[in-house]
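Have a look at the structure below, then the notes.
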Amino acid sequence: MSELLSALDDVTEADLAELSPDALLDFVSGLVTATNRVTAVLTSAVRAADRREAYRRDGAVSMKAWLRGSCRMAPAEATATVSTGRRLEQLPATAAAFAEGAISATHARVITRAMTPGRIAKAADAGIDLHETDSILADLARATAPNETARGVAQWVAGVDPDGTLEDAADTRRRFTMASGLGGRVHLRGELDAVGGEYLRTALGALMNGDRPVGDARSHAERQGDALVELARRSLDAGGLPSVRGERPHVRVTIDLMALCAERGAAGSAGGSLGWAGPINPETARRLACDAGVSRVITGPSGLPLDTGREQRAPSAGIRRATEIRDEHCVFAGCDAPPEWCDFHHVVHWAHGGPTSCDNGALLCERHHTSCHEGGFGIARDPGTGRWHTYRPDGTEILSRAGP
Ligand SMILES: [Zn+2]
Ligand SMILES: [Zn+2]
């Protein structure tokens, strides 16, 4: 192991800027092979530890639990590594291709996930030779990308288990994980049974297509992502979700009052934080606080709360309604997003003394609300004409193509 690590040190120290484009590409493809080989060894070692129940020495209940706890591996990855290792024992050709570095962990996973014990037994009953199947799929994986390998695997599955009764149709398991990535971004992953998927598609479809503005240029994936967030927001707003520890579920943003009241981009201003995602920048905290109920918590020098209170910064139904009637849609130049998609933006933030009034309010869709807070864009309503103007961060006006 120490030799492997010192070899990695050498590779790490390579001066990439020195390499010619060809040499750089060779370097990358060599690293892909090396990564595959290391992952293959990891998978075998995990299998060996799994078989010998080595994890019990550390008080873990399973190898998967040990990988999560002691190696900080993501749950889905831990499950995949353990299960791939187990199944590869019966698939020597695939295991060999993996060990050589010719196929990736994803290839191995595509094959092993389909080769369930139930299907292997059924294939044996039907006289299909497992070793031959293993060789064919390993060769396919050597030659193709994982999604294409998956098509070959699906053909084998269709031959062995044509009605899918063995695993898929009877499989009503639902899994869904959310992992926090860099910058608080959240990665979603999971699978649903057919019926569960139908519920989700129907709900998302209604939000995606129900009031889609003219000229909406978002991709299908972007619209689906927006619809998923909207589904959650509406459920929270509707108040029909079960209370948790006596409190209605809500999104909690914590920000220091000084940071909230600081001017945009003020040096050294601390950000806020979200309950799950952790730290967010002060502009995002200001945007979330722009249209929200606010609790004040005064903390003493030790950081313990001394006093709490609640203030209403979200507009009353009447103010919101009046603003909707006046603005009709998101007021950002060129945007037609309907009122239901919009936040109530305080043109002068309440933290800077702006009132929660129709006069100081503006409808902004979530995207453009973000543009105004985090992106440095600005909007202003001409008191004479009543028309909204949008300004870029450099102060120049965006002239809507549809406008005069
Ligand atoms: Zn705002
Ligand atoms: Zn908009």
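Nothing in this text is a laboratory measurement; each read-out follows from the coordinates by a stated rule. Computed from a predicted structure; not experimentally measured. Reconstructed Cβ throughout: ideal geometry from the backbone, glycine too, with neighbour counts over all protein chains shown.
The table below lists the values:
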item	result
Fewest-first sequence of M115, M73 by Cβ atoms within 10 Å of each Cβ	M73, M115
When the convex hull of its Cα atoms is projected in every direction, mean area for the range 176-259 (nm²)	8.8
Derived scalar couplings ³J(HN,Hα) [the range 50-64; Karplus, 6.51 cos²θ - 1.76 cosθ + 1.60; whole Hz; x for Gly, Pro]	5, 5, 8, 6, 4, 4, 5, 4, 9, x, 7, 8, 7, 5, 4
Relative contact order computed over the chain (Cα-Cα under 8 Å; 6+ residues apart), in percent	7
Relative contact order of the range 317-398, defined on C-alpha pairs under 8 angstrom at six or more residues apart (%)	26
Peptide ranges 193-202, 104-113 listed from the most packed, as the mean C-beta count within 10 angstrom indicates	104-113, 193-202
0 to 90° range, to nearest 10: angle between helix 2-13 axis and the chain longest Cα axis	50
Cα gyration tensor shape of the range 317-398, rounded if a/c is under 1.5, else prolate or oblate by comparing a/b with b/c	rounded
Cα centre as origin, Lys/Arg/Asp/Glu Cβ charges: the range 175-238 dipole, Debye	180
Qualifying GluC sites (Glu not before Pro) for the range 17-116 [loop in DSSP, other Cβ within 10 Å: at most 15]	E53, E89
Neighbour-count ranking [beta-carbon atoms within 10 angstrom, fewest first] of F332, F98	F332, F98
Cα-based convex hull volume of the chain per residue, rounded to whole Å³	251
Per-residue Cβ neighbour rank within 10 angstrom, fewest leading, I120, I103	I120, I103
Förster-model FRET efficiency, 60 Å R0, E77 and D359, C-beta, rounded to 0.05	0.70
Whole-Å distance, taken between Cα centres, linking the range 25-75 and the range 177-205	26
S2-D382 pseudo-label distance in nm [points 7 Å out on the Cα-to-Cβ vector]	7.7
The range 2-160 shape via C-alpha gyration tensor axes, a/c threshold 1.5	oblate
Within the chain, helix-based [θ] at 222 nm, where runs of 4 or more DSSP H residues each add -39,500 (n - 2.57), nearest 500	-15000 deg cm²/dmol
Centre separation in Å (Cα based) which lies between the range 77-121 and the range 136-153	12
Rel. contact order, % - alpha carbon contacts under 8 angstrom, at least six apart, the range 175-238	24
In the range 36-84, trypsin sites (Lys or Arg not before Pro) in a DSSP loop with at most 12 other beta-carbon atoms within 10 Å	R52, R72
